[in-house]
1. Explain nothing, just the number: relative contact order of region 56-124, from Cα pairs under 8 Å at least 6 residues apart, as a whole percent.
2. Quick one: length gained pulling VAL97 to HIS77 fully straight, 0.36 nm per residue minus the C-alpha distance?
3. To make sure I understand the rule: partners must be aspartates and glutamates, Cα under 19 Å from the Cα of LYS91, and not fewer than 8 residues away in the same chain. Which ones qualify?
4. Count charges around GLY61 for me, please; just the other residues with Cβ under 15 Å from its Cβ, Lys/Arg as +1, Asp/Glu as -1.
5. For the ranges 63-73, 88-98, what's the packing order if you count other beta-carbon atoms within 10 Å of each residue, average per peptide, and put the highest first?
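A short reminder: the numbers here are calculations on the coordinates, not readings from a lab. All of these numbers come straight from a predicted model, not from anything done at the bench. Because the Cβ atoms are built from the backbone with ideal geometry, glycine has one as well, and the counts that use them run over all protein chains shown.
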Amino acid sequence: QASSRSAFVYPPRPPRCAPPRPHRRCVPGGMAGKPTSVSEVLKAVSERPGVSGAICIDKQGFTIGACGRDLPANPAHLVGLAEGCARLDEKASAPPVVTVETSQRTISVMTRDDLVVAIARKTG
């Protein structure tokens, strides 16, 4: 008999690189003045040496785009981390860059306008 179990995997894994989704605040213009999509920026970042993945999240915790691997299963928590650290020094001229190191990866989280960007690096 065939199994009635579904083929869903939890937690769902993001695709290798999400399809292009332009965002008005990602990058004001590419090298030739053309708008740059979130996936193009994330792909370029994730191809840098030592970087294994990158993700862009809005302030509500919804993923705008993701590329690579070693990203957290629940990236919405990164929004609270970034906002909580920004409240530590509300008079700072720029929001902080928060780096969290675990036994699996190192994640750097930064905010800009209404977006949170995280970059994952494999430890070791």
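1. On the way: 105 pairs, mean separation 22.1, N = 69.
It comes to 32 percent, rounded to a whole number.
2. Details: separation 20, 0.36 × 20 = 7.20 nm, distance 1.53 nm.
Difference between extended and current length: 5.7 nm.
3. GLU83, ASP113, ASP114
4. Numbers: positive: LYS59; negative: ASP58, GLU83, ASP114.
Result for the neighbourhood of GLY61: -2.
5. Numbers: 63-73: 18.8, 88-98: 10.4.
Those peptides, ordered most packed to least, come out 63-73, 88-98.
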